[in-house]
Every structure is written in structure tokens, then in C-alpha cells.
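Written below as C-alpha cells is the structure these notes are about.
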Amino acid sequence: MSVAESGEIFDRDCRACPRLATFLDGVKERYPDYYCRPVPPFGAPDARFLVVGLAPGMHGANRSGRPFTGDHAGILLYQMLHKYGFASRDHSEAADDGLLLVDCRITNAVKCLPPDNKPVGAEINTCNSFLANELMTLPENSVVMALGGIAHRAIVKSMGFRQVEFKFAHAALHDLEQFQMLDSYHCSRYNTNTRRLTETMFDAIFAKARELLDK
Ligand code: URA
């Protein structure tokens, strides 16, 4: 049964990208305990705040089966989600740790672990229909946080807008008609270690999201 026929917004058994499916098979052989499948979104479909990352990290979401869970990229993210009332705890340990998101959902532009953390254009495009489905469930007055340029462009594409009209810039706010999109540099280890993204900068993005949602 296709995803459309089943009414599901996401295919947990998707193997549409041959390179990613083959790569995941190999990673599963090396790490039999890892999740190693398309990682589903975390949080309620009708949440008003959607955080969109890039793709599962090898020893994070790909291991745990929950976005941004188990590696460095999630540390600051869950701290901020908790600080601004979007999460019941300030860290996410495992998919079954009981953590709850509040009016918030977390997903990735690409649902499968890509080699070297780099999905190719065709993979981002193939996965785009899942993201489009998720964006469609957003209620009115929602805010979508794009973590990095790839997530930003995937969101613009999902909504059928032209990329030239919406350029990625840290802290930029874009009106995409159905919702507002707030850009942030990705909270990756590289960006936080190089201080391209500091805690203060990320905090300000979350404060803005909270303000928009509380209006
Ligand atoms: N983990 C995720 O789930 N997404 C990212 O973008 C990075 C790490």
C-alpha cells in the first residue's frame, strides 16, 4: 500500500533512494543494535512549532530512532526546547525515555542517514514529499524553524516557492503564507565548536519563535 493510500505521511520502510538504502544496510551490519531506517518525526502532527534539521546523524538519530537524539547536535537543541517550554526535559536520551514535546515537532529534511552527513540533491528531492506532507498538517499561525540552508531550501521547495525569493540567512524570518519560517544556523558540533552558532545566538532564535507563537 502506498503512503498516499494508507493516509500515512511517512513511509517507515522507504527504500526510494538506492544509495541511502544500501548505505543503511551496511551500517546495520556493522551496528546491529542501531535503528538504521528512515527516522520518523517526533511530536504531534498538529503541533504549531516544527523544527526541521538536515538528516539523522550516524550515532545519534540513526542509532536511537528519534531526531537529534544521542549525539552532539541535539544537546543545545533540547536545552532550548525545554527552556522555552517546548519539551518536558532538557535532554533527549532515547526514543523510549518518556520525553514529551509540547506543541512542538522535530523532523529532518532527509529521513535516512546519508554517507558523510551529506545527502545529494536527488535524495533531498525524493524525500521532499514526506516533508511536504508534514508541512500540510501544521495548524494556522505555525512557526517552522529551518536548521541550516539545506532544511531551509527543502521547506521552500515543499511549499512550491522559488528559491531566489527566499534566501537563507541566520535569524531571517520568511512569510511562506501557510506559516512563518525562521532560519537558524544548524546546531551541529562544527557550528557550535567554531562559534558560528553560539548559545546566545540560538537562544535568541528560540525567544523569537516563542514570541511569534505566543502572539
Ligand atoms: N540529528 C538529526 O536528527 N538531524 C540533524 O540535522 C542532525 C543530527
* To do: Quantify how much of the Cα-Cα distance distribution of segment 14-214 extends past 27 Å, in percent.
  => 23 percent
* To do: Enumerate the amide H contacts of N108 below 5 Å, restricted to partners 5 or more residues apart or on another chain; note that Pro and chain-start residues carry no placed amide H.
  => G53
* Asked: So which residue, out of P41, P56, P115, gets the largest mean-square fluctuation from a GNM of the chain using Cα contacts under 10 Å as springs?
  -> P115
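Averaged per residue, what accessible surface does the chain expose to a 1.4 Å probe, in Å²?
Per residue, the chain has 48 Å² of solvent-accessible surface.
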* Around G74, what is the net charge, scoring Lys/Arg as +1 and Asp/Glu as -1 over all other residues with Cβ under 13 Å from its Cβ? -> 0
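Which net charge results when you count Lys and Arg as +1 and Asp and Glu as -1 among the other residues whose beta-carbon is under 12 Å from that of L99?
Numbers: positive: R66, R89; negative: D90, E93, D96, D97.
Net local charge, L99 excluded: -2.
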* Asked: Carbon and sulfur atoms: what percent of the 1.4 Å accessible area of the chain do they account for?
  -> 51 percent
* Across K83/K167; K28/K111; K83/K111; K83/K157; K118/K208, pairs whose alpha-carbon gap is larger than 24 Å -> K83/K167; K83/K111; K83/K157; K118/K208
* Counting only GluC sites (Glu not before Pro) that are in a DSSP loop and have at most 14 other C-beta atoms within 10 Å, tell me the longest site-free stretch of the chain. => 9-139
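The values are calculated or read from the model by the stated rules, or taken from the named source; none is laboratory data. Every value quoted in this text rests on a predicted model; they were computed, and no experiment measured them. Every residue, glycine as well, gets a Cβ built from its backbone with ideal geometry; the counts of neighbours run over all protein chains shown. These accessible areas exclude ligands, DNA and RNA; they are computed on the full protein's heavy atoms, side chains included. Shrake-Rupley method; radii C 1.70, N 1.55, O 1.52, S 1.80 Å.
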